[in-house]
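See structure below.
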Amino acid sequence: MAKLYFKYGAMGSSKTANALITKFNYEERGMKVWLIKPSVDVRDGADVVKSRIGLSAQAQIITPDVDLYAEYQKHRDCHVIIADECQFFTTEQIDGLRKIVDLLDIPVLCYGLRTDFLTKLFTGSLRLFEVADSITEIKTICTCGKKAIVNARIDENGKVVTEGGQILLGGNDSYVAMCHNCWKAEIQKQKQS
């Protein structure tokens with residue numbers, strides 16, 4: 001029985017590396033993988049999924065208007081769907097992945113962030129929390145050693161940013177994973193200076 005999986009974590013928790021390792025494991029067993037990512041993620045190229053440790057693979061880019069259930073009909077020979085940066089998918093797209101699992105018995109593994117830099121849920125993540133069969137946190141740590149849960153956005157001077165649009169693509173130059181205590185303490189410290 002196939003399931004819809006949501007594997008989430010803060011920035012730097014190796015979500016994409018896990019997705020690519022999972023892809024390799026399926027392919028090593030002779031299975032075909034449909035690797036997808038949202039079109040908004042162009043950091044490493046429009047059709048490339050790349051991890052910080054150097055793993056990469058070609059992926060199909062999915063624009064917000066794509067019906068994923070209908071699109072899957074072109075990939076019916078696939079044994080599994082792996083989605084990176086799933087937080088950027090629309091509610092309807094997550095529902096399309098749910099439909100693939102339910103009606104076609106194809107497993108779908110979604111990897112992404114839970115929340116933005118202000119600790120607000122992304123649309124895709126919210127829907128996955130509502131409809132996924134399996135929800136797993138991929139953990140990482142703050143510089144203090146506690147579990148990091150906040151994707152702190154930082155500016156060019158290393159200061160924590162608390163205003164702006166929900167989506168700003170970036171890596172270690174734009175985000176730091178922090179525990180909630182350190183994030184709040186850093187914001188408070190910046191307000192006092």
Any hit, the range 98-108, residues being over 20 Å from Gly9 (Cβ atoms), basic (Lys, Arg) and without any contact (Cβ under 8 Å) to a residue 24 or more places away in the chain: no
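In the range 109-161, which residue that is of a type in the set (Asp, Glu) and more than 12 Å from the chain's Cα centre (by Cα) is surrounded by the most Cβ atoms within 10 Å (Cβ to Cβ)?
So the first thing to find is which residues in the range 109-161 are of a type in the set (Asp, Glu), and the list is 116, 130, 133, 137, 155-156.
The next check asks that each one be more than 12 Å from the chain's Cα centre (by Cα); those that pass are 130, 133, 155-156.
Details: Glu130: 12, Asp133: 15, Asp155: 10, Glu156: 7.
Only one residue tops the list, namely Asp133.
Since every read-out is calculated from the coordinates, none of them should be taken as a lab result. Since this is a predicted model, take the numbers as computed values, not measurements. Glycine gets a Cβ as well: all are built from the backbone with ideal geometry, and neighbour counts include every protein chain shown.
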